[in-house]
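A.B. asks: Have a look at this one.
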Amino acid sequence: MSLKVYNTLRGKKEEFIPLGGKVKVFICGPTVYDYSHLGHARTYILCDCMVRTLRLNGYDVNLIMNITDLDEKIFERVKEDKVEYKVLTNRYIKALMEDFKALRINSINHFFRVSDFVKEAIRQIEILLKKGLAYPSKGNIYFDTSKFKDYGNLSKQSFEEMSLRRIDMNREKKSPQDFLLWEKADEEPNWEAPWGKGRPYWHIQDTSISLSVLGKQYDIHLGGKELIFPHHEAQIAIAESVTGLKPFVKYWIHMDSLLKEGEKMSKRRKNYISIREALKSFEASSLRLYLISKPYKSDMEFSEKELGRVKEELNLIRKALKSLKESKNKLDLPLWVKEIENKFYGALRDDFNFPEAKSVLVEFSDKVLNERKNSSLLNPMNKMLSVFGIQ
């Protein structure tokens, strides 16, 4: 069975066929002005398990993540805390790496700060200006969305529908849906550009990294569904306008949100639980198994009761694993193992159906405990566990 993924761009499941030998993947990273929370953890653990699945299926994957260290929320926090910009961003980047290590999110090959790619952002803006696809306005630079006919394809919106969703509020723009590429800024950090001092804005920050590191086209872009519009829509417009090549990304894969009391967990709503706070009460393996226990394209309501139920499943899995490690019997594999493996890997290949795969792993563990101990079952079990990053 071939691997199938749901591609937001096409609005359907498609067979995964890489563009070339190495599978190039980009994941949207966090804005580093505070500690990451469980909503972030769900997205990143799902992405981690997706890449583990790709590698288990024999793909050579290069996964990169941007770290957004240029953002208005960061500059506001700098003023609030009365601390230097670099001190603040370094503090929360360090915290992010600690959280990832604690959660065993270890499939990412490289992390890149957007502040290290400002020159590339300026170069891309120069190309867009030269092509007449961007325009200046009082020190800012905007992308002219009327010049990009495919704008709206990813979010499945018409030009009229997008006009109702104002972004980057500014009366100096030609159209409501035009988006910022460069923001005028006199205060530091800022950079000198041909059109004046300022900073690259959110959307072009990511393309400055992806086009530099992964090239003009790559296989997969991963991120939360809230980024589809305008962020990912804007990235497509920038990249395809700069390079002249389509598609910029072959497969767009988006995850739904973690909710708390019916609302998306977020720093803005102040309804979040930080990763490090959660790890004081729950171990990493429990959190990992819990956060992949609902389909990735569905919102998930945080529930300590459900987390406790998943912990019981984890205890069953560990009990089975312990019995196999202690076994001295190395027997032939039972006939049911092949059936279990087909169900487990079939679920993974069916658009990363981790909840079904988890259920199969629990079924496998139950069978282990109800049969004669057989150390030969250890390898198939460890292989399944490797997908979820469970210890």
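The values are calculated or read from the model by the stated rules, or taken from the named source; none is laboratory data. These figures come from a predicted structure and were not determined experimentally. Positions of Cβ are backbone-derived with ideal geometry, glycine not excepted, and every protein chain shown enters the neighbour counts. Side chains are part of the model used for accessible areas, which takes the heavy atoms of the whole protein and leaves out ligands, DNA and RNA. Shrake-Rupley method; radii C 1.70, N 1.55, O 1.52, S 1.80 Å.
A.B. asks: How much of the DSSP beta bridge set in the chain is antiparallel, as a percent to the nearest 5?
C.D. replies: 50
A.B. asks: Need one value: the accessible area of GLU233 in square angstrom, 1.4 angstrom probe, rounded to the nearest 10.
C.D. replies: Number for this one is 0 Å².
A.B. asks: Could you state how much accessible area ARG309 has, in square angstrom rounded to the nearest 10, with a 1.4 Å probe and all protein chains kept in place?
C.D. replies: For ARG309, the solvent-accessible surface is approximately 100 Å².
A.B. asks: Give the residue from SER208, ILE253, ILE238 lying farthest towards the positive end of the charge dipole for the stretch 160-270; charges sit on Cβ (+1 for Lys and Arg, -1 for Asp and Glu) and the dipole is referred to the Cα centre.
C.D. replies: Projecting each Cα onto the dipole axis, the largest value belongs to ILE253.
A.B. asks: Moving to a separate point now. Set the Förster distance to 22 Å, then compute FRET efficiency between SER386 and LYS343 from the Cβ-Cβ distance, nearest 0.05. Please list the in-between numbers first.
C.D. replies: Numbers: r = 17 Å, r/R0 = 0.77.
Calculated value: 0.80.
A.B. asks: What lysines sit close enough to LYS330 to cross-link, taking a C-alpha to C-alpha distance under 27 Å and skipping anything fewer than 8 places away on the same chain?
C.D. replies: Once the sequence-local lysines are set aside, what remains near LYS330 is LYS319, LYS322, LYS338, LYS343, LYS358, LYS367, LYS373, LYS383.
A.B. asks: Right, something else. Roughly speaking, what is the centre-to-centre gap between the stretch 82-140 and the stretch 5-19 when only Cα atoms are used, to the nearest Å?
C.D. replies: Using only Cα atoms, the two centres lie 28 Å from each other.
A.B. asks: With a 1.4 Å probe and all protein chains in place, put GLU339, GLU126, GLU261 in order of accessible area, largest first. Don't skip to the end; give the middle numbers.
C.D. replies: Numbers: GLU339 115, GLU126 80, GLU261 155 Å².
Of GLU339, GLU126, GLU261, the descending order of accessible area is GLU261, GLU339, GLU126.
A.B. asks: Can you find, among ALA102, VAL87, VAL25, the residue sitting farthest towards the positive end of the charge dipole of the chain, where Lys and Arg contribute +1 and Asp and Glu -1 at Cβ?
C.D. replies: Farthest towards the positive end: ALA102.
A.B. asks: Among LYS260/LYS297; LYS101/LYS280; LYS225/LYS311; LYS24/LYS94; LYS119/LYS173; LYS131/LYS184, which pairs are too far apart, with a Cα-Cα distance over 19 Å?
C.D. replies: LYS225/LYS311; LYS24/LYS94; LYS119/LYS173; LYS131/LYS184
A.B. asks: Just add up the charged neighbours of THR43: K/R +1, D/E -1, any other residue whose Cβ is under 11 Å from the Cβ of THR43. Mind dumping the intermediate values first?
C.D. replies: Values: positive: ARG42, LYS225; negative: ASP48, GLU226, ASP256.
That sum, taken over residues with Cβ under 11 Å, equals -1.
A.B. asks: Treat every Asp and Glu Cβ in the stretch 34-177 as -1 and every Lys and Arg Cβ as +1, leave all other atoms uncharged, and give the resulting dipole magnitude about the Cα centre to the nearest 20 debye.
C.D. replies: It comes to approximately 220 debye.
A.B. asks: Checking the a/c ratio against 1.5 first, then a/b against b/c, what shape does the Cα gyration tensor give for the chain?
C.D. replies: Prolate.
A.B. asks: Further question: Is the shape of the stretch 93-199 rounded, prolate or oblate, going by the alpha carbon gyration tensor and its root eigenvalues a ≥ b ≥ c, with a/c under 1.5 for rounded and a/b larger than b/c for prolate?
C.D. replies: On the way: a/c = 2.21, a/b = 1.39, b/c = 1.58.
Here the stretch 93-199 falls in the oblate category.
A.B. asks: Next up: Considering only protein heavy atoms, what is the solvent-accessible area of LYS338 at a probe of 1.4 Å, reported in Å² to the nearest 10?
C.D. replies: LYS338 exposes around 130 Å² with every protein chain in place.
A.B. asks: In debye, nearest 20: dipole of the chain around its Cα centre with unit charges on the Cβ of K, R (+) and D, E (-)?
C.D. replies: Numbers: 67 positive and 55 negative charges, 155 e Å.
Computed about the Cα centre, the dipole is about 740 debye.
A.B. asks: Of all trypsin sites (Lys or Arg not before Pro) in the stretch 210-299, which ones are in loop regions per DSSP and have a Cβ with at most 11 other Cβ atoms within 10 Å?
C.D. replies: ARG268, ARG269, LYS270
A.B. asks: Something else about it: By the gyration tensor of its Cα atoms, with a ≥ b ≥ c the square roots of the eigenvalues, what is the shape of the stretch 245-341: rounded for a/c under 1.5, prolate for a/b over b/c, or oblate?
C.D. replies: Taking the square roots of the gyration eigenvalues as a ≥ b ≥ c, the stretch 245-341 is oblate.
A.B. asks: Given the Cα atoms of the stretch 147-272, and with Rh set as the inverse mean 1/r over their pairs in the Kirkwood sense, what is Rg to Rh to two decimals?
C.D. replies: 0.99
A.B. asks: Shifting gears a bit: Cross-link partners among lysines for LYS79, C-alpha distance below 17 Å, same-chain residues fewer than 8 apart left out?
C.D. replies: Output for LYS79: empty list, no partners.
A.B. asks: Residues with beta-carbon under 10 Å from that of VAL83, excluding VAL83: net charge, scoring Lys, Arg +1 and Asp, Glu -1?
C.D. replies: Around VAL83, the surrounding residues sum to +2.
A.B. asks: Could you sort LYS86, LYS330, LYS24 by accessible area so the largest value comes first, with the probe set to 1.4 Å?
C.D. replies: Result, largest first: LYS330, LYS86, LYS24.
A.B. asks: How large a share of the accessible area of the chain, in percent, is made up of carbon and sulfur atoms when the probe is 1.4 Å and the other protein chains stay in place? Write down the numbers at each step before the final one.
C.D. replies: Numbers: 8540 of 17660 Å².
On the chain, the fraction of accessible area on carbon and sulfur atoms equals 48 percent.
A.B. asks: What angle, in degrees between 0 and 90 and rounded to the nearest 10, separates the Cα long axis of helix 304-326 from the longest principal axis of the Cα atoms of the chain?
C.D. replies: 50
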